[in-house]
Amino acid sequence: MSSLSRDDVAKLAGLARIEMTEAELVELSSQFGLILDAVARVQEMDLSGVKATSHPQPLENVARPDVVLPSLSPEDALSGAPAQEESRFRVPQILGEAE
Amino acid sequence: MALPTYDEVIAKWDPVLGLEVHVELNTQSKMFCSCATEFGGAPNTQTCPVCLALPGALPVVNEKAIESTILIGLALNCKIAPYSRFARKNYFYPDMPKNFQISQYDEPICFDGYVDVEIETEEGPKQFRIEIERVHMEEDTGKSLHVGGATGRIHGADYSLLDYNRAGIPLVEIVTKIVPGTGKYAPEVAKAYVAELRDILRGLKVSDVKMEQGSLRCDANVSLKPIGSDVLGTRSETKNVNSLRSVERAIRGEMIRHAELLNDGKKVKQETRHFQEDTGLTRSGRSKEQAEDYRYFPDPDLVPVTPLASWIEELRATLPERPSLRRKRIKEEWNVPDKEMAAMINADVLDIVEATVLLGADPTKARTWWLGEISRIANEKELPIADLAITPAHVAELVELVAKGDLTDKLARQVVEGVVAGEGTPSEVVAKRGIKVVNDDGALMAAIEKVCAEQAETAEKVRGGHLPAAGALIGAVMKETKGQADAARVRELLLGHLGQPI
């Protein structure tokens, strides 16, 4: 059976910016193992002639002409922003002081 | 310990380069949505649900951006992938509202190319081949403004403000393979490579390639290894290199910084550094605590790009002349001396001079105007020459007016001044300012008689056959007519007046 360690889950949670409790980390590590096992069953099939797929429809070359259409007004664009200033999105401090 | 000199560095260490160049394409609309790409708009006036990553928005790729990228790949001698996909590069940073950037990962649209560059060395011109690893499509990020803190830098800022006008502008990344074997010429080779790329891109008309506006940006990877060693050293990646001169300075500076660390037995840290335009030094950027984990995967909102071979060949057939070949051709066709050719390239006036010549101007005259008087005015005004109000058509007209004898060189300079000041075309300036060559032989004769009377002694010498003395008289006549006379005609009339053969 596959398994993910508690630390693997903590790292994934960190990359995805999801805060998790210790209990959740432990619980998810075993659940991830089950999910991976379920997916791994695909590998038991002979897929040698099957191309990897990233889209459910067999589409290629969907493009649009290079034409400008009206944008949102800055008011509309910023209407969902938790904070704004000078017509810009205001975000909390990105980095602390330089080391 | 004192910093080693550049000569000390290259006596012991062998630099290895890697260059990543980002080019903003000059499409009208963004990569995956129909917002305008124009530079300098008011904040957040060029955004929509797609480039703001509002829920449910779906990206659709810009066909012109694909075409431009394939053209770039072809011009860089790349292979074009018959099948390539977009991938999501996942990271959290406020300049990307989606929390991922749409890019390409293991299936770039162009790969395996090369660019040849030539630099001048003490031993004559030397050629280097820069191999291209890949050319891929992605999207630009938004622009952040850091508020609070002393320096406007991200460190120490209280908060940041984001403008997403730039988010989603088509970006093409051109990555070289590692470039070994440039030795002491590493900084010049890097500069020549970026300059050649810029010229190629300009020739393709796919980008504005304005380094100062960020439409062409270079990240320089540098490492040092002991001369003769096969083992690569640890590299640093310098970002923020926004002029050709900075490419050279940044690499030279990093070579010296690495050598100092290595000479002291210390290690070079693998990190991102930022180039400081004012000091020419680099500053440590965000240190990467862990190996980057972007968790690339194919973007499920976009479908594969599979350009037809016939279309690729059609595009190949439209490729313009390679800049290096064009320079060679121009040099021969116009018979330009080496030094003048270098001056034209340095001053970035080749395009503008060629345009002037194509409008019928004599190449030498066209070159002299652009490189001389007009460059001088541009320097004085601290403006790029292309931003002056004078155009190739104006200069071609000016050259013609001088050739017809309607203007002297001196008067033509006044006309240039008028055209630059926005007074209109050369003919309009001539009319408005009442500038004209004194062609009236009567007026000239009067001036000649006056000068000969005033300088009777000199006139007598000329009359006696001492022709060199005529120069002073001609000068005085020109002064008398305020430079509006044609010097050649003055000479004819003067010598005739003093009974000398013309």
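The values are calculated or read from the model by the stated rules, or taken from the named source; none is laboratory data. This structure is a prediction, so every number in the text was calculated from the model and none was measured. Every residue, glycine among them, receives a Cβ derived from its backbone with ideal geometry; neighbour counts consider all protein chains shown.
Being assigned to a strand (DSSP E or B), at pLDDT below 90 and either under 30 Å from B:Ile70 (Cβ atoms) or among the charged types (D, E, K, R) (or both) is a property that does not hold for B:Glu138.
Out of A:Leu78, A:Leu28, A:Leu47, A:Leu95, report the one residue that is surrounded by 11 or more Cβ atoms within 10 Å (Cβ to Cβ), over 30 Å from B:Ser68 (Cα atoms) and more than 7 Å from chain B (Cβ to nearest Cβ).
A:Leu28
Of the residues making up region B:421-446, those that are part of a helix (DSSP H, G or I), surrounded by fewer than 20 Cβ atoms within 10 Å (Cβ to Cβ) and under 35 Å from the mean Cα position of the chain (by Cα) are B:Ser427, B:Glu428.
Residues of region B:34-74 that are in a helix (DSSP H, G or I) and not acidic (Asp, Glu): B:Lys64, B:Ala65, B:Ile66, B:Ser68, B:Thr69, B:Ile70, B:Leu71, B:Ile72, B:Gly73, B:Leu74. The set of residues in region B:215-233 that are of a type outside the set (Lys, Arg) and surrounded by 15 or more Cβ atoms within 10 Å (Cβ to Cβ) comprises B:Ser215, B:Leu216, B:Cys218, B:Asp219, B:Ala220, B:Asn221, B:Val222, B:Ser223, B:Leu224, B:Gly233. Here the helices (runs of 4 or more DSSP H) wholly within region B:311-410 that include at least 3 residues being without any contact (Cβ under 8 Å) to a residue 12 or more places away in the chain and not assigned by TED's automatic domain parsing to the domain that holds B:Asp116 are B:323-334, B:338-346, B:375-381. Taking region B:238-256 as the range and being in contact with a strand residue (DSSP E or B) (Cβ under 7 Å, 6 or more places away or on another chain) and closer than 15 Å to B:Arg217 by Cα as the test, the residues that pass are B:Thr238, B:Lys239, B:Asn240, B:Val241, B:Asn242, B:Ser246, B:Val247, B:Ala250, B:Ile251. The condition of being over 30 Å from B:Phe92 (Cα atoms) and either hydroxyl-bearing (Ser, Thr, Tyr) or assigned by TED's automatic domain parsing to the domain that holds B:Leu204 (or both) does not hold for B:Ser284. Here B:Val206, B:Val189, B:Val175 are screened, and the one residue that is within 25 Å of B:Ile72 (Cβ to Cβ), in contact (Cβ under 8 Å) with a residue 12 or more places away in the chain and assigned to a strand (DSSP E or B) is B:Val175. Assess whether B:Asn90 counts as being on the phi > 0 side of the Ramachandran plot and either more than 14 Å from every other protein chain (Cβ to nearest Cβ) or more than 30 Å from the chain's Cα centre (by Cα) (or both). In short, no.
Yes/no per residue for (1) over 22 Å from B:Gly285 (Cβ atoms); (2) touching a residue at least 12 places away in the same chain (Cβ under 8 Å); (3) within 18 Å of the chain's Cα centre (by Cα); (4) in the same structural domain as B:Leu350 (by TED's automatic domain parsing):
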site	(1), (2), (3), (4)
B:Leu201	yes, yes, yes, no
B:Met211	no, yes, yes, no
B:Gly214	no, yes, yes, no
B:Arg235	no, yes, no, no
B:Arg245	no, yes, yes, no
B:Glu248	no, yes, yes, no
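Quick check on region B:103-121: of everything there that is more than 19 Å from B:Ala75 (Cβ to Cβ) and β-branched (Val, Ile, Thr), which residue is modelled with the highest pLDDT? The qualifying residue modelled with the highest pLDDT is B:Ile119. Of the helices (runs of 4 or more DSSP H) lying entirely inside region A:2-83, those containing at least 2 residues that are touching a helix residue (DSSP H, G or I) at 6+ places or on another chain (Cβ under 8 Å) and farther than 21 Å from B:Pro298 by Cα are A:6-15, A:22-40. Filter region B:447-493 for residues that are in contact with an Asp or Glu (Cβ under 7 Å, 6 or more places away or on another chain) and either outside any helix (DSSP H, G or I) or surrounded by 14 or more Cβ atoms within 10 Å (Cβ to Cβ) (or both) and give the result. Correct list: B:Ala447, B:Val451, B:Leu493. If you check A:Phe89 against the conditions, is it aromatic (Phe, Trp, Tyr), at pLDDT below 95 and either surrounded by 14 or more Cβ atoms within 10 Å (Cβ to Cβ) or more than 30 Å from B:Arg153 (Cα to Cα) (or both)? No. Can you tell me which residue among B:Arg295, B:Arg273, B:Arg283 is touching a strand residue (DSSP E or B) at 6+ places or on another chain (Cβ under 7 Å) and under 25 Å from B:Pro180 (Cβ atoms)? Being touching a strand residue (DSSP E or B) at 6+ places or on another chain (Cβ under 7 Å) and under 25 Å from B:Pro180 (Cβ atoms) holds for just one of B:Arg295, B:Arg273, B:Arg283, which is B:Arg273. A count restricted to region B:139-171 and to residues that are touching a helix residue (DSSP H, G or I) at 6+ places or on another chain (Cβ under 9 Å) and facing chain A (nearest Cβ under 8 Å) stands at 1. Out of region B:236-248, which residues are touching a Leu at 6+ places or on another chain (Cβ under 9 Å) and surrounded by fewer than 20 Cβ atoms within 10 Å (Cβ to Cβ)? Answer for region B:236-248, where residues must be touching a Leu at 6+ places or on another chain (Cβ under 9 Å) and surrounded by fewer than 20 Cβ atoms within 10 Å (Cβ to Cβ): just B:Asn242. Could we say that B:Val179 is crowded, with 20+ Cβ neighbours inside 10 Å, of a type in the set (A, V, I, L, M), touching a helix residue (DSSP H, G or I) at 6+ places or on another chain (Cβ under 9 Å) and modelled with pLDDT of 95 or more here? So B:Val179 fails the test. Screening the candidates B:Leu388, B:Leu411 for the property of being in contact with a Gly (Cβ under 9 Å, 6 or more places away or on another chain) and over 25 Å from B:Pro337 (Cβ atoms) yields one hit, B:Leu411.
Annotation note: of B:Asp293, B:Asp264, B:Asp278, the sole residue that is at pLDDT 90 or above, farther than 17 Å from B:Asn221 by Cα and not aromatic (Phe, Trp, Tyr) is B:Asp264.
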